[in-house]
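Written out below as structure tokens is the structure these notes cover.
The values are calculated or read from the model by the stated rules, or taken from the named source; none is laboratory data. In this text, all values refer to a predicted model and were calculated from it rather than measured experimentally. Cβ placement follows ideal geometry from the backbone for every residue including glycine, while neighbour counts extend to all protein chains displayed. Calculation scope for accessible area: heavy atoms of the full protein, side chains included, ligands and nucleic acids excluded. Shrake-Rupley method; radii C 1.70, N 1.55, O 1.52, S 1.80 Å.
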Amino acid sequence: MSEYRVLPGPEHFLPPAAASMGIQLPNPGEAHINGVIASEEKAYEEAARQFLMAKVPTIFPGPLVLWAWNEKAAKKATAIRHLYNTLKDCVQPGQKAMLIPMPDYRPKYPKINPEVEINPNHPNLTIWHNKIDCCMFVGVHCHQANLSLKIIRGGTSCYTIAMCAQAGHEDAMLSFRDASVEKIMRLADTIKRLKGTVQPRLETAKNGASS
Amino acid sequence: MSKERIQISEDLYDIMPSDYQDLVKSATYGKEDRGWKDIGSSKELIEQHSLCAGCPESMAFRYILASLPNPEDTVMVGSTGCTSLVFPMVAVHNIHSLFGNQNAIASGLKRALSVRFPGRVKDVVVLAGDGATVDIGLDMTLQAWFRQEKFTTICFDNELYANTGGQESGLMQKGFVAKMAPVGKLFDKVRLPEIARESGCHYVVNCTVSKPSLVEKVIRNAVHVAREIGPTYLQLYTPCILEIGKNSMEGLQEMRDSEKPTERFAYKEYVSEPAKQLLAELAAKDKERKAAAKQLASQASA
Ligand SMILES: Cc1ncc(C[n+]2csc(CCOP(=O)(O)OP(=O)(O)O)c2C)c(N)n1
Ligand code: SF4
Ligand SMILES: [Mg+2]
């Protein structure tokens with residue numbers, strides 16, 4: 001098994017593709033955490049923990065859910081809204097949950113407004129601008145997600161989660177696969193369950209611990 | 001196809017940037033007789049552009065995007081140059097190709113689209129500068145025409161390499177001195193419209209973009225002929241005001257001056273026999289449709 005671990009960056013300007021470092025994708029029913037195959041159970045807990053720990057936990061819905069291509073997409077959008085509302089309810093004062101869309105993939109130079117959107121070709125701009133330290137991709141096509149996750153790992157210290165509808169993302173720090181409405185709802189439930197049990201990074205920093 | 005496929009998920013509607021909301025609300029996707037007159041009363045398919053202020057390429061882009069007959073099912077192929085700065089702001093599917101490769105990419109794309117979507121009309125439109133079309137990409141341009149590939153090639157002819165600071169291009173006029181071509185061009189402007197005709201293009205037009213109604217007409221014709229018959233070519237004068245020392249307000253006059261009957265951008269058109277027949281049929285259908293609509297309107301008001 002590979003020694004390489006998919007960890008928050010900044011790794012360096014051009015981090016390697018995790019796949020090229022031997023990181024494998026989970027089988028159906030599994031997930032991965034930092035590039036190590038884990039049970040889905042464990043991944044829900046860890047994703048919820050990361051969200052609750054973050055100063056600015058953020059969901060980035062992509063075109064596959066922002067646009068109502070079909071009924072399934074619209075239902076996923078509803079579940080994502082629910083996840084965001086849950087996250088908003090569960091964070092503590094000083095934490096700020098955000099929901100920022102990735103409407104399309106065009107490299108919109110120089111017009112990107114990092115307050116209202118994220119672009120896969122320069123995701124770091126939105127992450128830096130809003131001081132996002134934990135994010136989840138959902139509804140982003142594989143190739144754009146991989147590119148974007150790699151850029152985030154290269155240039156920021158943001159923790160990345162992928163709620164992937166296909167086989168998972170090795171370039172995220174934590175990845176689910178076969179995303180469905182049920183899985184998104186289950187993540188929301190886990191966040192609700194863990195509410196109040198996770199110390200936000202905010203607090204730790206205030207206490208003098210390193211963040 | 002119409003706007004039905006372009007709907008934002010209700011639960012995420014409020015977080016979408018306003019330009020996307022506007023596209024859904026008031027862009028002209030699916031509108032049968034869309035054209036340049038929609039500019040000002042509907043959401044344009046070009047958001048902003050990063051061209052020089054007053055660059056005629058920006059006018060050309062706006063007219064072309066307003067005139068495409070089938071924007072929701074069109075894929076545009078661009079190439080490196082000033083035009084490529086605009087595509088990121090364009091709400092029509094587009095592919096950026098390596099400089100000069102645009103007609104090769106479009107050939108594969110058009111074929112792949114017809115295999116992937118056999119029952120649906122998919123238009124492919126190449127839009128590239130003169131350097132990309134006539135110099136570095138000439139091989140790909142011509143080969144696509146020889147092979148009778150069914151897509152439209154549009155060349156924004158600004159008679160030099162604008163994006164890299166003004167080098168000599170095949171379409172530059174003889175004797176012209178540019179910032180990075182100080183000796184002056186030693187050869188005549190390449191006669192690409194004639195070459196296009198001889199290479200198998202069924203509809204060829206050489207003109208400026210001073211008149212939006214004319215741009216609308218030639219774009220529609222070129223796309224329809226390419227869809228049904230074979231390759232089409234439009235060479236549009238979009239002067240680089242920066243390189244010819246004009247200010248932002250002078251682009252339009254420059255085009256008007258250059259389209260006079262004896263000038264190099266006097267309107268020139270070539271239409272093959274099958275294309276003539278097709279355009280006549282389309283015009284007849286259009287007339288019928290308009291007459292029917294008029295009758296319906298008068299019945300409704302009676
Ligand atoms: C393969 C390759 N060769 C050269 C270049 C450099 N290059 C960038 S833009 C450009 C000129 C573009 O000229 P034109 O096609 O006329 O477009 P314009 O900028 O004038 O609209 C060149 C040579 C490149 N990007 N790629
Ligand atoms: S350099 Fe010339 S062609 Fe390019 S945007 Fe400026 S005016 Fe237009
Ligand atoms: Mg040019």
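Place a +1 charge on the Cβ of each Lys and Arg in region B:33-271 and a -1 charge on the Cβ of each Asp and Glu, then give the dipole magnitude about the Cα centre in debye, rounded to the nearest 20. Before the final figure, lay out the partial values.
Values: 26 positive and 27 negative charges, 94 e Å.
The dipole of region B:33-271 has a size of about 460 debye.
Once the Cβ-Cβ distance between B:E228 and A:K72 is put in as r, and R0 is 51 Å, what FRET efficiency do you end up with, to the nearest 0.05? Intermediate results must be reported in sequence, preceding the final value.
Working: r = 36 Å, r/R0 = 0.71.
FRET efficiency, B:E228 to A:K72: 0.90.
State the percentage of accessible surface on chain B attributable to carbon and sulfur atoms; use a 1.4 Å probe and exclude ligands, DNA and RNA.
Working: 7570 of 13750 Å².
Accessible surface attributable to carbon and sulfur in chain B totals 55 percent.
Along the Cα→Cβ direction, 7 angstrom out, place labels at B:A266 and B:A300. What is the inter-label distance in nm?
The two pseudo-label positions are separated by 4.6 nm.
Lys and Arg at +1, Asp and Glu at -1: add these up for the other residues within a Cβ distance under 12 Å of B:F117 and post the number. Don't jump to the answer; show the numbers that get you there.
Values: positive: B:K110, B:R111, B:R116, B:R120, B:K122; negative: B:D73, B:D123.
My count for the surroundings of B:F117 gives +3.
I need the peptides B:77-85, B:270-278 ranked by packing, meaning the mean over residues of other C-beta atoms within 10 angstrom, with the highest value on top.
Taking the mean over residues of other Cβ atoms within 10 Å, the ranking is B:77-85, B:270-278.
Using the Cα centre of the protein assembly as shown as the reference point, and only Cβ charges (+1 on K/R, -1 on D/E), how large is the resulting charge dipole? Debye, rounded to the nearest 20. List each step's numbers first, then the result.
Numbers: 60 positive and 57 negative charges, 136 e Å.
Around 660 debye, computed over the protein assembly as shown.
Calculate the mean, over all residues of peptide B:87-93, of how many other protein chain Cβ atoms lie within 10 angstrom of the residue's Cβ. Please report the intermediate quantities before stating the final value.
Values: counts 2, 11, 4, 1, 2, 0, 1.
Mean shielding by partner chains, rounded to a whole number: 3.
Which pairs in the list A:K42/A:K183; A:K111/B:K217; B:K185/B:K246; A:K111/B:K37; B:K37/B:K150 are over 22 Å apart, alpha-carbon to alpha-carbon?
A:K111/B:K217; A:K111/B:K37; B:K37/B:K150
So for the protein assembly as shown, taking the charge dipole from beta-carbon charges (+1 Lys/Arg, -1 Asp/Glu), which of A:P10, A:T126, A:P63 sits furthest toward the positive end?
A:P63
Taking Cα centroids, how far is region A:173-204 from region A:122-150 in Å?
Using only Cα atoms to place each centre, the spacing works out to 18 Å.
How many angstrom lie between the C-alpha centres of region B:31-90 and region B:113-133?
Centre-to-centre (Cα) distance: 16 Å.
Which is the longest part of chain B that has none of the GluC sites (Glu not before Pro) sitting in a DSSP loop with at most 16 other Cβ atoms within 10 Å? Numbers along the way, then the final one.
Details: sites that count: B:E32, B:E263.
Of all site-free stretches, the longest is B:33-262.
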